[in-house]
Every structure is written in C-alpha cells, then in structure tokens.
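For reference, the structure discussed in these notes is given below.
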Amino acid sequence: MSTEAVIELREVSLTLGEGASSVHVLKKISLDIAAGETAGIVGPSGSGKSTLLMVLAGLEGVDSGTVRIAGQLLNGRSEDEIAAFRGRTIGIVFQSFHLIPNMTALENVAVPLELAGRPKPFELARRELEMVGLAERLNHYPGQLSGGEQQRVAIARALAPEPRILIADEPTGNLDQATGRHIADLLFSSAAERGTTLVLVTHDPSLAARCSRQIAMRSGRIEAGARPHAVVA
C-alpha cells in the first residue's frame, strides 16, 4: 500500500446552523488517509462522523482549514467544479441506497456515466452489475429488488467511474446481519481488487474492525487514528 496521502485535512472546522441553533460540528480536524487504505470512522451519534464524510466528498464546505483530496485543494472551488471533480474521483454509497425508482438497475448505473460523457456507459454498467452478482437483475426496478440487491446496485454505481476513493456512510445500516456481512465483503473485496481507498462510517464494531485503521471521533474532534503515516503537508 502506498503511503501517499490521498485525503489531507488540516485544521478543518465547520459550524452548521445559525444563531442559537448553530452547532460546532467539526473542531480543528487534521487527518491523513493514504492511497489504498481502508479507514473506519467510529464514534457516538452526534460526534461529527457523517459530516466529516460529507466534507471528504466535497458535499459540505468548511468554515476554516484546508481540504485536499487526491492532490486537489477543494477550498475556493465552485460547486460545479467540485461536482465534476467528485464525479471523476469519489464514489459514494449511502445507507438508504438513493436509487432512482423509475429506472432499472442497469439505468441507475449507466445514466450517471452517460451524463459524465463516459464511452459505452451501458456496457460498463452491465459489467459492474455482473461483478456484484446482479447479472439476472439488470432490468429490475429498485422496488423489485431486496435491500441487499439495491445496495449492490448502489455499489456498482459508485465503482463504475473507477474512483480513487470510495466513501460509504453506514452502508449496512438498513440491512439484516447476514446481508450486511455480504455487502461488507463486497465493499472490501472491490476496494482491494482496484486499489481504491475506502472510507466508511459505521456503528458496527465488527465492520470497523475489518478496516486497516479506525478513526475515533467524539464531540467534533478526532480522538485517535488521525495521522498514523505522519504524512507531511
């Protein structure tokens, strides 16, 4: 595994809300995650885990500090620039799947590729769905698929653009234990085969334990696991 930092955060702070309802969600977070690493972000509810993931994905801006992803500084970029960068570099898997209900599994994976201008998007989507074990479900709609199958479609969609980073927010949270274990197997094996950096948020200790490193958060701060590689900014 490379020691190159593909994710670099320095003194990142973020407050959400305004006035009396404002919450200081992230407090001077500094973090390095190396290329090819699997990192599990753990901590109690409200500790800032999912917000940190949103910052890593470029879905949430920061008040102060720097966010550098795959060598690119996200601070000061427009939303369109960040969206284009995210489409090339970061795959995202959510707890609640976020599939488009009136599109088939194949269309859910292919259409984002088509919009991004990728050649042969449906051929690529078909291959990705076959790799996650859904060769017989290409033309099924989300409502016709089980929860585990829907999450497999979401994983195929996230991996299809061949991102350097795969981000997963409670990817097994809506699944039963056995299905969750299969989805976890798929995430880790897919990341390992492609050399993709995997960063996931989870409340499941057994899932976190499978990561090469755990990053523990509490009250908007990282308590442990921030800089094991001592990568210099």
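The values are calculated or read from the model by the stated rules, or taken from the named source; none is laboratory data. Predicted model, so just to flag it, every value in this text is computed and none were measured. As a convention, Cβ positions derive from the backbone with ideal geometry for all residues, glycine included, and neighbour counts pool all protein chains shown. Only protein heavy atoms, including side chains, enter the accessible area calculation; ligands, DNA and RNA are left aside. Shrake-Rupley method; radii C 1.70, N 1.55, O 1.52, S 1.80 Å.
Figures for the structure shown
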quantity	calculated
Any hit, segment 12-34, residues being closer than 18 Å to Asp169 by Cβ and in a helix (DSSP H, G or I)	no
Pick from segment 22-41, criterion over 18 Å from the mean Cα position of the chain (by Cα) and charged (D, E, K, R), ranking: nearest to Arg68 (Cα to Cα)	Lys28
Test: residue in segment 76-84 that is surrounded by fewer than 17 Cβ atoms within 10 Å (Cβ to Cβ), within 15 Å of the chain's Cα centre (by Cα) and not in a helix (DSSP H, G or I)	no
Residue check for Val109: in contact with a strand residue (DSSP E or B) (Cβ under 8 Å, 6 or more places away or on another chain), of a type outside the set (S, T, N, Q) and either open to solvent by less than 10 Å² (accessible area, probe 1.4 Å) or in contact (Cβ under 8 Å) with a residue 24 or more places away in the chain (or both)	no
Selected residue [open to solvent by 50 Å² or more (accessible area, probe 1.4 Å), more than 20 Å from Gln151 (Cβ to Cβ) and aliphatic (A, V, I, L, M)] from Val62, Val23, Val55	Val23
Counted residues, segment 75-105 - those being farther than 20 Å from Arg127 by Cα and either in contact with a strand residue (DSSP E or B) (Cβ under 9 Å, 6 or more places away or on another chain) or not β-branched (Val, Ile, Thr) (or both)	17
